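Here is the structure we will look at, set down as structure tokens.
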Amino acid sequence: MGFRQLILTALAVAFPVGIVFIVLVTTGQLGLGTALLSFALSGLGVVAMLRIYFGDLRRVARYATDLRDHYKGAPPQHISFTAASELSSLYTQIAAAFRDRIALLEAQTSTDAEILDHLPNPVVMVNRQRVVTGFNQAAKGLFHSLETGRDLTRFIRDPILLDAFDDVANERQTMKHAEFVLASDAHRHFDVLTARLPAATGDRNFVLTFSDLTELRKLEQMRADFATDAGHELRTPLSVLLGFIETLEGPAKDDPDALNQFLPVMRDQALRMQHLIEDLLSLARIELNEHTPPSDECNVGKIIDKVAKSLAIKADAKDMNIRVTRELEDTDMIGEEKELHQVFVNLVENAIKYGHPNTDVEVSITLAKNLPGALARYRHNRFMAIAIRDHSDGIAREHLPRLTERFYRVDTARSRAVGGTGLGLAIVKHLVQRHRGTMQIESEQGVGSVFTVYLPAKIGDNVRKLHSA
Ligand SMILES: Nc1ncnc2c1ncn2[C@@H]1O[C@H](COP(=O)(O)OP(=O)(O)OP(=O)(O)O)[C@@H](O)[C@H]1O
Ligand SMILES: [Mg+2]
């Protein structure tokens, strides 16, 4: 408020008083000198009051400016006029309400950012110019060089994905899915959903959400491979059988020698198919109930004894012995006897099949001392270790991780010759997993192999805890 304005306001306020003085002087009730002096004095009084009033207003205005610029400030002291001090405290209240609201918004924004960071799916925000304006931790994990302020194409060059983005950006669609493969990262498959955020103000107009499809695609591939492998395995004995049937119907018709010669081979091939189909069916059945833990009680020691007995003849045919040693007395556990029987039949059968003639198959039952990594989370529980050791050529290191894959055979011809389908260890793996256990394979070339099955021992409520985990 300038000086001129102050004087003008003072004059405006003093004007009615001036009129009164003029009337008093013209009617002779007051001398001119007295009137002028009185008018001047009352004018001075008005100016003084206005100065104080304007001073109050100026300080309140300064306070309001501070609040506007910094959301905080010191309210003016010594305000003389109530109206001005009320105005000042009103500003204080408005500023406090704003601060609360801002704090709430800030908290909400940082919570939203935290929620985004906790999402397992990578999320990237982009503006209309296709510039990255935000992303979460998962996205940073996927695209290590991701930065805000850069064009999206610096990080993603896949044309299908960029086309999907353009479709959404050009408002042809509000959202669009596109599948893309991240070649740099072991060929991970992603479904990317690009969505427009119509209500978004600011620069986060589009959001790209990545869902990892790698496992799904792998499973689909495995299923397709499995069907192909199974078909392939069945085709071989079937074509051998058909070949013999054709020969017996044609050139070798009514030839009893040929019949006698072919029939055992035909039986072998038919048995092979039967074996394969049984294995396939039991694998399918096991996979169905793999996630429901067993509830029956059984005794591993007794199961091993039965297995050893039932395979004694097979071992004897190769001048082999099955030697069982038991360091652990109490071998009770929660498990399905039939399934565990199959586990150990498959393992001991392999040891006989692939072991050298005239050697022993050694089976030992002990209390596990060092649990393999797969059981790390159960380290406070007691596990039995059932090891099946053979003396054979051993298995080269590179094959070990793949032995439990379906149809995987180290030496396909040799395994087929001994009647193997390559499903035995796959079945073992699933059955052991259903029993919350694991299998470890060690082998030394020229010496032999040890297949160790770890199974939870039934001690106290050890097993109940395990099975409910
Ligand atoms: N004790 C072992 N010694 C050496 N190689 C083995 C042993 N056990 C398994 N293998 C190898 O692992 C492969 C897979 O074993 P698996 O038991 O799954 O199949 P298989 O014995 O060929 O057939 P199946 O058990 O279905 O009749 C075998 O073909 C063999 O090459
Ligand atoms: Mg086998």
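Per residue, the chain reaches -18000 deg cm²/dmol at 222 nm when only DSSP H runs of four or more residues are counted, each adding -39500 (n - 2.57). Each label was represented as a point 7 Å from its Cα along the Cα-to-Cβ direction; for residue 258 and residue 313 these points are 3.3 nm apart. For segment 376-465, the Cβ-based charge dipole about the Cα centre amounts to some 620 debye (Lys, Arg positive; Asp, Glu negative; other atoms uncharged).
In terms of the Cα gyration tensor, with a ≥ b ≥ c the square roots of its eigenvalues, is segment 260-330 rounded because a/c is under 1.5, prolate because a/b exceeds b/c, or oblate? Taking the square roots of the gyration eigenvalues as a ≥ b ≥ c, segment 260-330 is oblate. At full extension, residue 414 and residue 211 could sit 68.7 nm farther apart than now, given 0.36 nm per residue minus the alpha carbon distance. Projecting the Cα atoms of 281, 245, 259 onto the dipole axis of segment 216-289, where Lys and Arg carry +1 and Asp and Glu carry -1 at the beta carbon, places 281 farthest toward the positive end. The stretch between residue 71 and residue 323 holds 82.2 nm of extra length on full extension. This uses 0.36 nm per residue minus the Cα-Cα distance. For segment 144-188, a/c is not less than 1.5, where a ≥ b ≥ c are the root eigenvalues of the C-alpha gyration tensor, and a/b does not top b/c. That puts it in the oblate class. Note on segment 1-54 and segment 324-361: Cα centroid distance 119 Å, given to the nearest whole angstrom.
Estimated from the Cβ-Cβ distance and a Förster radius of 22 angstrom, the FRET efficiency linking residue 102 and residue 197 is about 0.45.
The residue among 107, 184, 8 whose Cα reaches farthest toward the positive pole of the charge dipole of the chain, with charges on the beta-carbon of Lys, Arg, Asp and Glu, is 8. Label sites at residue 183 and residue 247, each approximated as a point 7 angstrom past Cα along Cα to Cβ, lie 5.2 nm apart. Think of each Lys and Arg Cβ as +1 and each Asp and Glu Cβ as -1; about the Cα centre, that makes the dipole of the chain roughly 2380 debye. Taking 0.36 nm per residue of separation and subtracting the Cα-Cα distance, full extension of the segment from residue 22 to residue 396 would add 122.1 nm. Across segment 361-374, coupling constants 3J(HN,Hα) worked out from phi with the 6.51/-1.76/1.60 Karplus curve, θ = phi - 60°, read 9, 9, 10, 10, 10, 9, 8, 4, 9, 10, 7, x, x, 4 Hz, and Gly and Pro carry x. With both labels modelled 7 Å from their Cα along Cα-to-Cβ, the residue 356 to residue 224 distance reads 4.5 nm.
For the chain, complete DSSP H runs whose alpha carbons reach 18 Å or more along their own long axis and whose mean Kyte-Doolittle score is -1.0 or higher are 3-26, 32-70, 82-118, 214-249, 256-289, 300-317, 337-354.
Using the Cβ-Cβ distance between residue 153 and residue 117 with R0 set to 22 Å, the FRET efficiency works out to roughly 0.35.
Read-outs throughout are calculated quantities, based only on the coordinates presented, and are distinct from any laboratory measurement. Model, not experiment: these values are computed from the prediction. All Cβ positions, glycine included, derive from the backbone under ideal geometry; neighbour counts span all protein chains shown.
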